[in-house]
Amino acid sequence: MKKFPLLLILIVSIISTSSFASSPSKVLFLSDFAGTLKNEFIFDLKFADIYETKFNFDFESLEDEVRLSNVDNIINYFKFDQVGFEFSYRNPGNRNDPYFLIGNFNSFSMVLDDYFVLTFSDLEFGVIFEESLFNMSFWTKVTDLSQSKVGLTIANSNKLGISLGFEDIMKFYFRAGDLLFSLDDNAVDSVYILNQDFLLEYNSSTKSLLVDSIYFDKNDENFYFRIPVTKNLFLIYSNLGTGISFYIELLRENN
């Protein structure tokens, strides 16, 4: 983390979240030439009033191996939404409860009647009471009912809010648009960007940082800063060296 001060990460993240507007279904290709050859296929699919999803698959050619996407980094977001039922991944919707937002960022979630939630990675069951200016949630692990927590949130329709989380220790959660971060013992505990085109997760306990966007990628191995020259051409600065990147739209839904 020494190479990437947290304040700089947040500034770059907030600017990048507003860079892309929503669009019809399409398939994109991103190719990086910077020390190694890294290719990525991006599938942005939408079916009106039924589902939306965005996933990518990348492969990087190194001197002695070809590195493929990790399974947990393939899906950017997913939403299947019908009356009384929702199945989603990294899709915050209009919710403000911090436990739902964090659980949904790292796991698929099933929501029934807007109130009852089951997250699949940690098998947590939650009840989110009516979301308005003030709302409350209760969460517990299905496999261990003693591990329960309660969230109290005050938030407005512009996604500005503050939450108190009562678990092993009390935590403070702050929401400002797509940005969600928590404080633990007066220090930053975690940071999230909840956006379909720009994903960020920082965890202070593990010192791990994941960023996935067109302008800035950061994973356990490498980082890439992409500076746009044209819509389809970027200059790259990375730990692997400098280079260029091509961003090409392969297919688009006929309107």
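Using the per-residue mean of other Cβ atoms lying within 10 Å as a proxy for protection, in what order, highest first, do the peptides 223-234, 195-206 fall?
Per-residue mean Cβ counts within 10 Å order the peptides as 195-206, 223-234.
Enter the per residue convex hull volume of the stretch 91-194, computed from alpha-carbon coordinates, in Å³ rounded to the nearest integer. Could the numbers behind the result be given before it?
Numbers: hull volume 9.2 nm³, N = 104.
In the stretch 91-194, the Cα convex hull volume per residue is 88 Å³.
How large, in Å, is the stretch 143-204 by the Kirkwood hydrodynamic radius built from its alpha-carbon pairs?
12.7
Would you mind getting me the FRET efficiency between Asn186 and Glu249? Use the beta-carbon distance for r and R0 = 51 Å, nearest 0.05.
My answer for the efficiency is 0.65.
List the lysines whose Cα sits under 22 Å from the Cα of Lys54, skipping any in the same chain fewer than 8 residues away.
Within reach: Lys26, Lys38, Lys46, Lys79, Lys218, Lys231.
Please report, to two decimal places, log10 I(q)/I(0) for the chain at q = 0.08 Å⁻¹ as given by the Debye formula with identical point scatterers on the Cα atoms and no solvent.
-0.34
Could you pull out every residue, at least 5 positions away or on a different chain, whose amide H is within less than 5 Å of the one on Phe223? Hs are placed 1.01 Å off N in the peptide plane, and Pro or chain starts have none.
Amide H to amide H, under 5 Å and 5 or more residues apart or across chains, Phe223 pairs with Asn239, Leu240.
Please sort 141-153, 209-221 by packing, taking for each peptide the average over its residues of neighbouring beta carbons within 10 angstrom, highest first.
Values: 141-153: 13.9, 209-221: 17.6.
Result, highest mean first: 209-221, 141-153.
Where the accessible area of the chain is counted over protein heavy atoms with a 1.4 Å probe, how much of it, in %, is carbon and sulfur?
So the carbon and sulfur contribution to the accessible surface is 61 percent.
Taking a point 7 angstrom from the Cα of Gln147 along the C-beta vector, which residues in the stretch 89-105 have backbone N less than 18 Å away?
Inside the label zone: 99-105.
Taking Cα atoms, how many degrees apart are the long axis of helix 6-17 and the longest axis of the chain, rounded to 10 and kept between 0 and 90?
80
What list of ³J(HN,Hα) couplings, whole Hz, do you get for the stretch 171-187 from phi and the Karplus terms 6.51, -1.76, 1.60, once you set θ to phi - 60° and write x for glycine and proline?
Those phi angles translate into 10, 10, 10, 10, 10, 9, x, 8, 8, 10, 9, 10, 10, 9, 6, 6, 10 Hz.
If you rank Phe125, Phe105 by how much accessible surface each has, with a 1.4 Å probe, what is the order from largest down?
These residues rank, largest area first, as Phe125, Phe105.
Which residues among the stretch 77-102 fall inside the zone where the amide N is under 14 Å from a point 7 Å beyond the Cα of Asn203, along Cα→Cβ?
From the stretch 77-102, the list is 102.
The values are calculated or read from the model by the stated rules, or taken from the named source; none is laboratory data. The structure presented is a predicted model; accordingly, all values stated were derived computationally and were not measured. Neighbour counts run over all protein chains shown; Cβ positions are idealised from the backbone, glycine included. Heads up: the accessible areas ignore ligands, DNA and RNA and are worked out on the full protein's heavy atoms, side chains in. Shrake-Rupley method; radii C 1.70, N 1.55, O 1.52, S 1.80 Å.
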